[in-house]
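Input: a single structure, listed below in C-alpha cells.
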Amino acid sequence: MRPVEIRPDIYWVGVNDRTTDLFEGLWPVSDQGVSYNSYLIKDEKTALIDLSKESFTDDFVEQVSKLIDISKLDYIIVNHMEPDHSGALLRIRQLAPNARFVGMGKAISMMKDFYGVDDNVMVVKHEDTLSLGKFTLRFLFTPMVHWPETMITYLEEEEIMFSCDAFGSYGSLDGVLFDDEAKDQLPFYEKEALRYYTNIVAAFSRNTLMAIDKAAVYPFKIIAPSHGLIWRKDPMRIVSLYQQWAKYATEQTEPGVTVLFGTMYRNTERAMEACLQTITNEGVPVEVFNVSTVHPSFILPSLWTKKGVLIACPTYERAMFPAMVHALDIAEIKSVKNKVAGYFGSYAWSGGAQPVFESYAEKLNWDIAGALEFVGCAKPDDIQTIQQIAQQVARKSKEG
Ligand code: FEO
C-alpha cells in the first residue's frame, strides 16, 4: 500500500509482509500476512515512529521517501526494539545521520546491544514530552508489553495513541487501513487480534492492564498500533477487547471446553469422540484441535478464553505423546492458567502420560476434574469414566 494520510501531516508509512511464514520464527502467518506499521509526522521537525523489519527496509525507505527527504529527518521514535520494528535502523541511520533516536533508557541500551548504536540518542522518561512544532509527543512508559523497553507515544493535539504492539493484530492490510474501512473484514482482524494477543502478549497480561490504565489518563480518538488496523471509528473497541483478554489471565473467562487430542491409531480419538456430546449436552460449547496437525498458535485463542480443557492423548514411550507435550509447553510459556482440566488416553504396555498431565496441571494451577489411562482400546467401563470426566469438566466450565 502507498502511504496514507491518517490526519493532516500525519502519515502511515508501513509495509505489508506477505512472505514470512512464521512471525517471530514461531507463529504461522503464511495465509494471513502481517503489517509493520510505521508513522511519519511532518512538522517543523519531522519524526518517524517505529521502523520496519530488516528484510523490508527497501520498501520502507521507499514509503518514507515519497513524503520527505529522509536525510532531513529529525527524530526516530523507538517505541519498541524488537527487530520487526527496528530492523531498518542501521539503514535509516545511514540515510538520516542527524536524526536522533528517542526511547526509554532500556530501548537505548538495547540499540547498543542489537545494532552497536549509542550516539545521537535521547533518553526519555514516562510522561516526558517532545515538541515538533505544532505537535507535541508524550511518551508513556508501558514496560513488558511485551518487552521491558516498550512505550506508547501519544500525540496530544490529535489525541492519537501510537501504541506499537499493544492493540495490534496479525493480518496484512489488503487495501484498507482503518477499522471503518474494514467492514466485512473486521471479524477477521478481531479474530487475528486475539490470536496475536495470545501468541505475543498474553503472558504479560498484568502489564497490559497497567498500560491500558496509563493510557486511559489521556483522551484518545485514534489507536494506531504497529500491526494491523488503525482504529479511528471505534478505538475503544480494540482497547476493550485487549482489556477483556488481559483480564482472562486472572479473572472469569468464557464458558466452554477446549479439547486437545493426539492419536496414533485412533484408540484415543475414538474415546474422545465418545465424550463430545457429554459436553454439549451440558450446554457448554466445545472446540476440538488435533495437536499433531494444528499449530499451537491457533489453539491458544481457545485455550486462553475457555474455562475447560480436556487433554486426550496416548502414552508414548512411557511419557506423553510428544505433540501434546509441545502444545502444553506453549500453554505453559504463555501462562494459560486457572483452568478446569481432565485427561484420558490409551497406552500399549505401560502408562506414563497421566503423570505428565498432572505435572502440567500443577504448574498451571489447573483444577483436575479427573484422569484415566486405559490399555489398548477404551472398553465400556473406560468410556463411562471418560464421559464422567468430560461431564465434570463441562459442568465446572459453564460459568466461565
Ligand atoms: Fe511487533 Fe514485539 O514486535
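The values are calculated or read from the model by the stated rules, or taken from the named source; none is laboratory data. Fair warning: this is a prediction, and the values are worked out from it, not measured in the lab. As a convention, Cβ positions derive from the backbone with ideal geometry for all residues, glycine included, and neighbour counts pool all protein chains shown. These area figures cover heavy atoms from the full protein model, side chains too; ligands, DNA and RNA do not enter into them. Shrake-Rupley method; radii C 1.70, N 1.55, O 1.52, S 1.80 Å.
Only one residue in Glu62, Glu54 is without any contact (Cβ under 8 Å) to a residue 12 or more places away in the chain and open to solvent by 50 Å² or more (accessible area, probe 1.4 Å). Which one? Let's see the steps before the verdict.
On the way: Glu54 fails: without any contact (Cβ under 8 Å) to a residue 12 or more places away in the chain.
Checking each option against the conditions leaves just Glu62.
Just one of the numbered conditions (1) buried (at least 17 other Cβ atoms within 10 Å of the Cβ); (2) in contact (Cβ under 8 Å) with a residue 40 or more places away in the chain is not true of Ile76; which one?
Looking at each condition in turn, Ile76 falls short on (2).
Could you tell me whether segment 193-202 includes any residue that is away from the ligand (no atom under 16 Å from the Cβ) and either among the hydroxyl-bearing types (Ser, Thr, Tyr) or in contact with a strand residue (DSSP E or B) (Cβ under 6 Å, 6 or more places away or on another chain) (or both)?
no
Determine which member of the set Asp184, Asp180, Asp234 is away from the ligand (no atom under 16 Å from the Cβ), closer than 23 Å to Phe298 by Cα and assigned by TED's automatic domain parsing to the domain that holds Val13.
On the way: Asp180 fails: closer than 23 Å to Phe298 by Cα; Asp234 fails: closer than 23 Å to Phe298 by Cα.
Matching residue, one of Asp184, Asp180, Asp234: Asp184.
Which one of Pro219, Pro225, Pro148 is within 16 Å of the ligand (Cβ to nearest atom), out of contact with any His (no Cβ under 9 Å at 6 or more places or on another chain) and open to solvent by 20 Å² or more (accessible area, probe 1.4 Å)?
Exactly one of Pro219, Pro225, Pro148 is within 16 Å of the ligand (Cβ to nearest atom), out of contact with any His (no Cβ under 9 Å at 6 or more places or on another chain) and open to solvent by 20 Å² or more (accessible area, probe 1.4 Å), namely Pro148.
How many residues does segment 322-338 contain that are outside any helix (DSSP H, G or I) and open to solvent by less than 20 Å² (accessible area, probe 1.4 Å)?
Residues flagged as outside any helix (DSSP H, G or I) and open to solvent by less than 20 Å² (accessible area, probe 1.4 Å) within segment 322-338 amount to 1.
Filter segment 30-45 for residues that are away from the ligand (no atom under 13 Å from the Cβ) and either closer than 29 Å to Tyr196 by Cα or under 28 Å from the mean Cα position of the chain (by Cα) (or both) and give the result.
The answer is Ser30, Asp31, Gln32, Gly33, Tyr39, Leu40, Ile41.
Residues that are assigned by TED's automatic domain parsing to the domain that holds Val13, on the phi < 0 side of the Ramachandran plot and away from the ligand (no atom under 13 Å from the Cβ): list the helices (runs of 4 or more DSSP H) wholly contained in segment 46-104 that include at least 1 such residues.
The qualifying helices (runs of 4 or more DSSP H) are 57-65, 89-95.
Checking the structure you have, find out if any residue of segment 162-176 is within 26 Å of Ala327 (Cα to Cα), away from the ligand (no atom under 16 Å from the Cβ) and open to solvent by 10 Å² or more (accessible area, probe 1.4 Å).
No; the residues of segment 162-176 include none that is within 26 Å of Ala327 (Cα to Cα), away from the ligand (no atom under 16 Å from the Cβ) and open to solvent by 10 Å² or more (accessible area, probe 1.4 Å).
Please tell me if Ala341 is open to solvent by less than 20 Å² (accessible area, probe 1.4 Å), under 30 Å from Asp31 (Cα atoms) and free of Cβ contacts under 8 Å to residues at least 60 places away in the same chain.
Details: open to solvent by less than 20 Å² (accessible area, probe 1.4 Å): yes; under 30 Å from Asp31 (Cα atoms): no; free of Cβ contacts under 8 Å to residues at least 60 places away in the same chain: yes.
Criteria not met by Ala341.
When you scan segment 375-396, do you find a residue that is under 25 Å from the mean Cα position of the chain (by Cα) and either in contact (Cβ under 8 Å) with a residue 12 or more places away in the chain or surrounded by fewer than 19 Cβ atoms within 10 Å (Cβ to Cβ) (or both), even just one?
No, segment 375-396 contains no residue that is under 25 Å from the mean Cα position of the chain (by Cα) and either in contact (Cβ under 8 Å) with a residue 12 or more places away in the chain or surrounded by fewer than 19 Cβ atoms within 10 Å (Cβ to Cβ) (or both).
Can you pull out the residues in segment 90-111 that are within 22 Å of Arg138 (Cα to Cα) and surrounded by 15 or more Cβ atoms within 10 Å (Cβ to Cβ)?
Ala99, Arg100, Phe101, Val102, Gly103, Met104, Lys106, Ala107, Ile108, Ser109, Met110, Met111
Report, by residue number, each residue of segment 307-321 that is buried (at least 24 other Cβ atoms within 10 Å of the Cβ), part of a strand (DSSP E or B) and out of contact with any Phe, Trp or Tyr (no Cβ under 9 Å at 6 or more places or on another chain).
Scanning segment 307-321 gives Lys307, Gly308.
Determine, yes or no, whether Ser205 is within 16 Å of the ligand (Cβ to nearest atom) and either over 24 Å from Ser52 (Cα atoms) or surrounded by fewer than 20 Cβ atoms within 10 Å (Cβ to Cβ) (or both). Lay out the reasoning, then the answer.
Numbers: within 16 Å of the ligand (Cβ to nearest atom): yes; either over 24 Å from Ser52 (Cα atoms) or surrounded by fewer than 20 Cβ atoms within 10 Å (Cβ to Cβ) (or both): yes.
Judged against the criteria, Ser205 is a match.
Taking only segment 112-129 into account, find how many residues are part of a strand (DSSP E or B) and surrounded by 15 or more Cβ atoms within 10 Å (Cβ to Cβ).
Here the count works out to 2.
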